[in-house]
Amino acid sequence: MYNKFFGILLLILIGAFSLTAQKVKPVYLDETRPIEERVKHALSLMTLEEKVALCHAQSKFSSKGVARLGIPEVWMSDGPHGVREEILWDSWSEAKWTNDSCTAFPALTCLAASWNPEMSAIYGKAVGEEARYRNKTVLLGPGVNIYRTPLNGRNFEYMGEDPFLASQMVVPYIQEVQKNGVAACIKHYALNNQEVWRGHIDVQASDRALREIYLPAFKAAVTEGKVWSVMGAYNQFRGEHCCHNNLLLNKILKDEWKFDGTVVTDWGGAHNTMQAAMNGLDIEMGTGTDGMTRSISNAYDNYYLALPFLDELKKGTVPESVVNDKASRVLRMIFRTTMDSRRPWGSFATDEHAQVARKVAEEGIVLLKNAGNILPLDASKLKNIAVIGENATRSMTVGGGSSSLKAHNEISPLKSLTAKFGSKITYAMGYASGPPAWGREIPSKFNADTLRAEAVRKARIADVVVFVGGLNKNHFQDCEGGDRLSYNLPFGQDQLLAEILKVNKNVVVVLVSGNAVAMPWADRVPAIVQAWYLGSEAGPAIANVLSGEVNPSGKLPFTFPVKLTDNGAHSFDQLSYPGDSILQVYKEDILVGYRWHDTKNIAPLFAFGHGLSYTSFEVSKPQIDKKLYTKGGIVELTFSVQNTGKVAGAEVAQVYVTQKNAPVMRPAKELKGFKKVFLKAGEKQTINIPVKVQDFAYWDEKSSDWKVDAGEFVLNLATSSGDVKFQVPVRVK
Ligand code: BGC
């Protein structure tokens, strides 16, 4: 009896105990507690080996969590234009899943060309939802390396040549991605402005160039966007690889900007254990340290931040505080993402996302030239429209390197033009390139003369020719791992265009590219449309702009020089571009893009900020409320913009600042404010653009700090860097 009584009592006690035990969560799992407290607690439960395991890859795209504590692995994915297809654990091959075909969004150059931060927000939200749906911890993007040369094979993945524009555009993308509980990863930090010798070239740039041109968009991503991860660049800066560069990572990113997230290498970007340990790197990815080109089963243990790092920690050459800091950063990122139980579920390849892709594409397309208003195409007056060019049908989501996408649906320009203009459309390929291939160029086997003859025949009898050409995502075009070899169009397109122009003057050139190109035919062609890589909805967006259903409103995020040597980087010897294979010196210094053209009076083919519309606008003289400002002040420019034409459209008002009589060299003008204004036909709106006096600053190399001089400045209200409408003088005291 007694025994039975005690038995029951014991059972009740055990039950009650286990119920309370279930209720008390360990601190690191308790989401009501501050993340810092949880990170500290989790760290206190971990062994040295477990901490080190957080700091390097365990597969091509993942790194370990702490399974014993229920802390999940980190899964990363490219980025930045959509969520890449799954890749095999141990090799670069596709995993061949059937459920990983994504929405391909327009390339970031197109996003930047919208000059509309709202487009960045809807883009970030949609791509973030796709990454979340695929359960990614990190989306490897966006990229904000400054456009220094039109030859850079990866410019299409970035946001143009101006640090202010890139900063404004990158922040909403990051914020919206991260609302999905997915970390954005700003890349490639820093000075990865070419693909030639990217793995080792040692970039020498001045402090001013660094601070004024190459870092601001990264800084905005960190301090305003609050980005949760940063990818180091492949190249070196001042003799140290960027993935473990003390100045860039420890001093600037972590100390100055107070970055509290993780620094990830670019794949294979680490080269040395002590530097990786001490110079600010947190997670090492992609390094084939086994010395073989193929992975071996334990290759990941040989990473610089794997067993060799553990050895140094055990020997005491690296203090444990170093691994504690790295592991804390990784834990913080995991708590912010996959361990946030409130994160939404995401969605994938939906119609809504396709609409976002189309909207961004339509806002980013730039009308460069439209003589005699040949555009929009008037279907009622045209009987025969010859579409010519390989890019009218070619997939532009595949290729280009790591940003290549397996798109759920990609609609070609030819398909959409045919849907709009029906049997009036005839098509000829005109020229041919080979298929995209990693790291090599495969020429086409088509006969160029035959293709050209057919195109000329069709052009001769057409009312109008729509030439859809440009670059593509092949090696040596707009593609990772190599730069373009020539500023001219490839695959015989210049010759083809010259021959078409001999038989038909009504030629509309639609350029699909992420880079400026030489246009020896620009004077003879009435219309030129810069159409970028537009993703899934490329066809509808292009067709809508050509037909006038959408009024183009994009503006160039970089300058189109007439010839390559008009560009700053190419105005010097080989050491400036591409370097001598070891060293490279940025000789144009802070005069990148329009800063070079404007300061040196070199007229561009198309200016930074240029873009036409099917309507016309009138900008009124801006008013300011006073003439004298303090260094902490804000100049408010108030003016009106009126749509003086017959259709709705949008204009981008741009404010460039000039310093008069500066004690140091300053560019002729620099973008410091802009606003995109949407107006119905005839509508007029009053606009206000605030410009911070602090943004008049330059980096003072003597004091190693930003400096605004007292004195005279001019605010230029413009519709492109080449078209200043009004100048407003102000003084700073
Ligand atoms: C690229 C990165 C990319 C990584 C992973 C590298 O080759 O430079 O941008 O995120 O591969 O695919």
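The values are calculated or read from the model by the stated rules, or taken from the named source; none is laboratory data. The shown structure was predicted, so the numbers you read here are calculated from the model rather than taken from an experiment. In this analysis, Cβ positions are derived from the backbone assuming ideal geometry, glycine residues included, and neighbour counts consider all displayed protein chains.
Okay, here's what the table says:
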| quantity | calculated |
| --- | --- |
| Exclusive hit being in the same structural domain as residue 275 (by TED's automatic domain parsing), under 27 Å from residue 555 (Cβ atoms) and part of a strand (DSSP E or B), set 210, 139, 151, 165 | 139 |
| Residue 106 being in a loop (DSSP other than H, G, I, E, B), crowded, with 24+ Cβ neighbours inside 10 Å and within 16 Å of the ligand (Cβ to nearest atom) | no |
| Counted residues, region 468-487 - those being more than 16 Å from the ligand (Cβ to nearest atom) and touching a helix residue (DSSP H, G or I) at 6+ places or on another chain (Cβ under 6 Å) | 4 |
| Counted residues, region 330-358 - those being over 29 Å from residue 551 (Cβ atoms), crowded, with 23+ Cβ neighbours inside 10 Å and not β-branched (Val, Ile, Thr) | 2 |
| Matching residues in region 226-251 - criterion: being surrounded by fewer than 24 Cβ atoms within 10 Å (Cβ to Cβ) and within 12 Å of the ligand (Cβ to nearest atom) | 234 |
| Those strands (runs of 3 or more DSSP E) lying entirely in region 363-465 with at least 1 residues in contact (Cβ under 8 Å) with a residue 40 or more places away in the chain and surrounded by fewer than 23 Cβ atoms within 10 Å (Cβ to Cβ) | 366-370, 425-428 |
| Residue satisfying condition, being part of a strand (DSSP E or B), under 15 Å from residue 142 (Cα atoms) and in contact (Cβ under 8 Å) with a residue 12 or more places away in the chain, within set 217, 184 | 184 |
| Odd one out for residue 268, checked against (1) more than 16 Å from the ligand (Cβ to nearest atom); (2) surrounded by fewer than 22 Cβ atoms within 10 Å (Cβ to Cβ); (3) in a loop (DSSP other than H, G, I, E, B) | (1) |
| Within region 167-188, tally of residues that are under 12 Å from the mean Cα position of the chain (by Cα) and either within 13 Å of the ligand (Cβ to nearest atom) or among the acidic types (Asp, Glu) (or both) | 5 |
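Yes or no, residue by residue, for (1) of a type in the set (Ser, Thr, Tyr); (2) touching a Pro at 6+ places or on another chain (Cβ under 6 Å):
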position: 523; (1), (2): no, no
position: 533; (1), (2): yes, no
position: 552; (1), (2): no, no
position: 586; (1), (2): yes, no
position: 597; (1), (2): no, yes
position: 611; (1), (2): no, no
position: 616; (1), (2): yes, no
position: 627; (1), (2): no, no
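Residue-wise test of (1) in a loop (DSSP other than H, G, I, E, B); (2) buried (at least 22 other Cβ atoms within 10 Å of the Cβ).
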{"site": "631", "(1), (2)": "yes, no"}
{"site": "639", "(1), (2)": "no, no"}
{"site": "647", "(1), (2)": "yes, no"}
{"site": "650", "(1), (2)": "no, yes"}
{"site": "662", "(1), (2)": "yes, no"}
